[in-house]
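Have a look at the structure below before the remarks.
The values are calculated or read from the model by the stated rules, or taken from the named source; none is laboratory data. Keep in mind it's a predicted model, so treat the numbers as computed, not measured. Please note: Cβ atoms are built from the backbone with ideal geometry, for glycine as well, and neighbour counts cover all protein chains shown.
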Amino acid sequence: MSNERRLRVKTLAVVLVMVVCANVGDLMLKRGMLQIGAVQISGSGVWRALLSTIHNGTIWLGILFLIGFTFCYMTAVSWADYSYVMPAGAFGYAIQTMLAVVILHEAVTRQRWVGVVLIVGGVLLVGQTRPSTTQTKVAGT
Amino acid sequence: MIRVGLMLAFFICCSTGGEIAMTYGMKQVGEPGSFRPLVLVKFIGRAMSNGWVWFALPLLGASFYSLLILLPWAPLSVVIPASAFNYVVGTFGAKYLLREQVSIKRWVGVVMVCVGVTLVLLTGQN
């Protein structure tokens, strides 16, 4: 496998894990907050909500996934261009729509499908460019 | 209106500035030599001792909170395209601050993603 191809596969694999972590993390946070219920905007209400979030396993799982997202993002930009990783990460919006249709059987508007097609097309275009156009150093083992 | 404009500018500066500072810091740290657990732990340790990474984190936090402040101030039809516009501003930052070579193909891809994200997020709010 050529160096550039190896770099592209490595970058896209890390970006894919990054997108999955971000989406699952968001989903877990949303589910956890639904379990807790609406937060009352008052001193005691916010305090109660804080205690509930600390004791909620789903929220901790969400936080773990979001830490995974941050780690993947930092790893990807350590060798790949920011202008390559950033738009590729938008692929998550397309995955969210697909999941909404396939799993939740939600109706999706034509406008949203146009958005998904534009995102997928844009990510494919960016994906065809060289992942790294600046000098990268290897931090050692 | 001036208040919304200023907050939008603040949000875009913090968001793009934070991500560019993070990228600059991580380029200094360098890529991990392998994906073995011990190598990755050392890699995280090196990243956490980089000043640019620490400069980026509060900026990213500020961008998150400025977006939360913006949401009740301005209609979503303004806030969402503005946040998607980050892709374009970020690409300018990558080209002129990080010295990345942004080809026409990448520019077209970024603009398509920017418009696509706007459409998806706007319809998601309906």
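Results, tabulated for the structure shown:
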read-out	value
Selected residue [farther than 19 Å from B:Ala56 by Cβ, hydroxyl-bearing (Ser, Thr, Tyr), facing chain B (nearest Cβ under 7 Å) and exposed (fewer than 15 other Cβ atoms within 10 Å of the Cβ)] from A:Thr109, A:Thr129, A:Thr97, A:Thr133	A:Thr109
Extreme residue, surrounded by the most Cβ atoms within 10 Å (Cβ to Cβ), among residues of region A:38-52 that are of a type in the set (Gly, Ala, Ser) and without any contact (Cβ under 8 Å) to a residue 12 or more places away in the chain	A:Gly45
Selection within region B:92-120 - touching a Phe, Trp or Tyr at 6+ places or on another chain (Cβ under 8 Å) and within 7 Å of chain A (Cβ to nearest Cβ)	B:Ala94, B:Leu98, B:Glu100, B:Arg106, B:Val110, B:Val113, B:Gly116, B:Val117, B:Val120
Odd one out for A:Gly62, checked against (1) surrounded by fewer than 14 Cβ atoms within 10 Å (Cβ to Cβ); (2) small (Gly, Ala, Ser); (3) closer than 21 Å to A:Gly89 by Cβ	(1)
Selected residue (only one of A:Leu64, A:Leu104, A:Leu118, A:Leu29 is free of Cβ contacts under 8 Å to residues at least 60 places away in the same chain, away from chain B (no Cβ under 14 Å) and of a type in the set (A, V, I, L, M))	A:Leu64
Meets criteria (surrounded by fewer than 21 Cβ atoms within 10 Å (Cβ to Cβ) and either under 29 Å from B:Lys105 (Cβ atoms) or out of contact with any Cys (no Cβ under 9 Å at 6 or more places or on another chain) (or both)) for A:Val117	yes
Residues (at pLDDT below 85 and out of contact with any Gly (no Cβ under 7 Å at 6 or more places or on another chain)) located in region A:6-29	A:Asp26, A:Leu27
Test: residue in region B:95-106 that is closer than 26 Å to A:Leu99 by Cα, surrounded by 18 or more Cβ atoms within 10 Å (Cβ to Cβ) and among the aliphatic types (A, V, I, L, M)	no
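Residue-by-condition table, conditions (1) surrounded by 17 or more Cβ atoms within 10 Å (Cβ to Cβ); (2) within 11 Å of chain A (Cβ to nearest Cβ); (3) closer than 13 Å to B:Met22 by Cα:
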residue	(1), (2), (3)
B:Leu38	no, yes, no
B:Phe43	yes, yes, no
B:Met48	no, yes, yes
B:Leu76	no, no, no
